[in-house]
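Notes follow the structure.
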Amino acid sequence: MGIRRGHRAHPGEWLAEKFIFLVSLTAILMVFLIFAFVTREALPLITGEVSSAAVQPVIPVADMDKIPAEKLRIYLELTPSQFATMDHDTKKLLMETKVEGAQDAPDNKDAKINTIEWRYLLFPYQWSGYDKPVYIWQPVSEIKKYNIIPIVIGSIKTTLIALFFAVPLALGAAIYVSQLASPKLKEYIKPAIEMLSGIPSVVAGFFALIFMATVLQKVFGYESRLNAFVAGIALGFAIIPVVFSIAEDALTSVPRNFTQAALALGASRWQAAWQVVLPAALPGVFAAIVLGFGRAIGETMIVLMASGNASIMSGNIFDSARTITATIAAELAEAVFGGDHYRILFLIGALLFLVTFLTNMAGELVMHRLKGKLEGKK
Amino acid sequence: MNPVNTIDFRTKKFRAGSFFFTGLTGLATVLILAILATILTDVVYNGWGTLSWHFVSTIPKKDFFDSKTTGVLPMIIGTASRVFVMTLFVLPIGVITAIYLTEYAPNTSIITRIIRAAVNNLAGVPSIVFGLFGLGFFVNFVGKNLDVLFHHPTAVWGQPAIIWASLTLAVMTMPVVIVATEEALKAVPQGLREASLALGGTKLQTIIKIVLPQALPGILTGGILAVSRAAGEVAPILFTGVAYYMASLPQHLTDQFMDLGYHVFVLSTQSPNIQQTEPILYATVLVLLILTFALNLVAIFIRSNMRRKMRSLH
């Protein structure tokens, strides 16, 4: 599309064209900035510059002049400008307080551990007081434990429940609307289903919390009222419109003559839909599920309100769960600016961005190829 | 019309499978519509009784859980202003990007494909990541540097505020505006452009005087959809500007604000007595839904009108 005819090259015209081009680069810039600034806050953690250990190794005051200035500055927790303006005796005084401080430190063998090293973030560890190695997310305690596995499991659990609930419904509706419904009916059903995407996620979360949790508990009789199951179903509401519209789009883009040929050969309408149209559009259906997954794992308010938010390792869908998104939403306001907890939350945010970035790329690529193929371009 | 749609079922051999399959997919459709209907009915049924002029026009005291004295005026104003400021940023950028993509960009060039990929990706970024981005970029980077630039002794720009929440939402809703505008521009018949060019109009003149007026309803739809999407979002504003409680209405772009969606979250999770809060909670949700749904309905209406018109033009 667009204008193909030539036109007189006008200086104003040329300038406007360049301006339009520059503005259109905003989208690229924004994706880049999102990636850069979310990882920027998490960077000191990734490079291992900081330590969360409650007790730092103590440097004897006598060694003060032997260690490099930069190392001394970090040890004394000073900013470069503070460090530069401070005289030698003040620094020495600080060194002495450090040594004294170390003596009153908590008497816990875990206090020396730098809990933000990768191995503590990803693998189980036997903390003192535990009889076996465990995965624990416990950012507010004497020894701060940041193992992200429980919340990753929580995210995956709720997302899978949402997919198991939403995908069959959305696909069924997509097949019905695109293949079986009369055009008149289609004109009413399609906007109605799309209206579901107009429900704000905080409203879906509210509905799950106030209404659905009680109803589902009565039906299934499980123990904790808010759990991964309730959150998953409510999350399903949010991804039904996503899966539906992409799948419907893919099914509709299968050329009409596929269906007509099948019907001419004596197939019924559902045989044509099931055996001809659906296989042809299968990559699109796959893309719909992938994009639905990306949407579900990134959804915040619903899981924050309906999942119960307990970070426990459990395979039971009726247990409470804490997701990555809910963890960020609930904890960032309380985390100390620039502290370890703050950085960890940005780190899992960056992780989330990466996951959705990849699912998006995959989904778009599949849809692009499918359409190219169906339109006979390749 | 299309022969597929005019095939008479009764002349086909009746098959049990056909009946079953159509029934099953039809059932899925009905179930989805039933979910929508249940949510709407529940909210309207329980919220209607509490909704009153007093409720939407009152600035609540600190204890906004009290159903007699509470109101949602500051939340409505907060949500409206953050969405309004967002529109000022997202509409020009989104529309110009769409103009570039449909009118200027060579379809096959690498840069066009990267822009499209970026737009698609932006649409899929989780809303909480936008919140992190808003805090990390707008508040902590742009805001803090503005404070340094203007020598503010205390943080004026470098703290959560309406402006940062709006900018964060503008980034988030950019794809909505771009996609809708593109669709609207593509619906303008090519003949109109050619006629304008044949009469000696330049490309830019053609776009401004012929194409854009024709595409205006579609562009408006995009704007409305972006507004309705942004109005209901809570996660992106959590760290970029929303306040739990404010005694007065926001006056400046650098003020924090109360927000309808966030208020729904607060009422449903922080209430000391949920039974007592429930009526005002439902009423608040109803206000939020009326705002977002009214906007959505308008957008759907304009869009279906546009599609009908487009079909008749081609």
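Coordinate-derived values only; no laboratory data. Bear in mind that the values here come from a model prediction, so they are computed numbers and not experimental data. Virtual Cβ from ideal backbone geometry, glycine too; neighbours counted across all protein chains shown.
Worth a mention:
- Whole-Å distance, taken between Cα centres, linking the range B:232-297 and the range B:176-212: 40
- GNM result for chain A, Cα springs below 10 Å: residue of A:THR252, A:THR85, A:THR356 fluctuating most strongly: A:THR85
- Positive minus negative residues near B:TYR262 (Lys, Arg vs Asp, Glu; Cβ under 11 Å): -1
- Ellipticity at 222 nm from helices only: DSSP H runs of n ≥ 4 in chain B, each -39500 (n - 2.57), divided by the residue count, give -21500 deg cm²/dmol.
- When each of B:PHE293, A:PHE337 is scored by the number of other beta-carbon atoms lying within 10 Å, the sequence from fewest to most is A:PHE337, B:PHE293.
- Debye-formula intensities of the range A:149-374, expressed as log10 I(q)/I(0) at q = 0.08, 0.13, 0.14, 0.16 Å⁻¹, are -0.35, -0.80, -0.89, -1.06 (one equal scatterer per alpha-carbon, no solvent).
- Within a Gaussian network of chain A (alpha carbon springs, distance under 10 Å), most fluctuating of A:VAL38, A:VAL219, A:VAL230: A:VAL219
- Contact order normalised by residue count of chain B, Cα under 8 Å, 6+ apart, percent: 25
- Placing +1 on the Cβ of every Lys and Arg and -1 on the Cβ of every Asp and Glu, with nothing else charged, gives the range A:246-378 a dipole about its Cα centre of roughly 760 debye.
- The protein assembly as shown: proportion of alpha-carbon pairs further apart than 41 angstrom, %: 37
- Pairs from A:LYS186/B:LYS186; B:LYS186/B:LYS309; A:LYS112/A:LYS144; A:LYS71/A:LYS92; B:LYS62/B:LYS144 whose Cα-Cα separation, in the structure shown, is over 20 Å: A:LYS186/B:LYS186; B:LYS62/B:LYS144
- Under the shape rule built on the C-alpha gyration tensor, where the axes satisfy a ≥ b ≥ c, chain B is oblate, since a/c reaches at least 1.5 while a/b does not exceed b/c.
- Global geometry of chain A, whether rounded, prolate or oblate, following the gyration tensor of its Cα atoms and the 1.5 cut on a/c: oblate
- Fluctuation leader among A:PHE206, A:PHE220, A:PHE353 - chain A, Gaussian network, Cα springs under 10 angstrom: A:PHE220
- Arranged from fewest to most other beta-carbon atoms within 10 Å of their beta carbon, B:THR181, B:THR154 become B:THR154, B:THR181.
- For the range A:211-270 versus the range A:148-175, the gap between their alpha-carbon centres in whole angstrom: 11
- Residue exposure sequence - B:THR38, B:THR79, A:THR97, B:THR50 - by fewest surrounding Cβ within 10 Å: A:THR97, B:THR38, B:THR50, B:THR79
- Estimated [θ] at 222 nm from DSSP helical runs (n ≥ 4, -39500 (n - 2.57)) normalised by residues in chain A, nearest 500: -19500 deg cm²/dmol
- Derived scalar couplings ³J(HN,Hα) [the range B:91-105; Karplus, 6.51 cos²θ - 1.76 cosθ + 1.60; whole Hz; x for Gly, Pro]: 4, x, 5, x, 5, 5, 4, 5, 4, 4, 5, 8, 9, 10, 5
- Convex hull of the range A:141-259 built on C-alpha atoms - directionally averaged projected area, nm²: 10.5
- Angle between chain A longest axis and helix A:340-374 axis [Cα atoms, degrees, rounded to 10]: 20
- Chain A: angle of helix A:183-196 to the longest principal axis, Cα-based, in degrees nearest 10: 10
- Rounded to whole Hz, the Karplus (6.51, -1.76, 1.60) HN-Hα couplings of the range B:229-239, x for glycine and proline: 5, 5, 4, x, 6, 10, 3, x, 9, 3, 10
- Mean-position separation - Cα centroids, the range B:100-138 and the range A:292-307, in angstrom: 22
- The charge dipole of the protein assembly as shown, taken about the Cα centre with unit charges on the Cβ atoms of Lys, Arg (+1) and Asp, Glu (-1), comes to about 3380 debye, rounded to the nearest 20.
- In degrees, nearest ten, helix A:88-103 long axis to first principal axis of chain A (Cα): 80
- Computed from the Kirkwood radius of its Cα pairs, the Stokes-Einstein diffusion coefficient for the range B:153-246 at 20 °C and 1.002 mPa s stands at 136 µm²/s.
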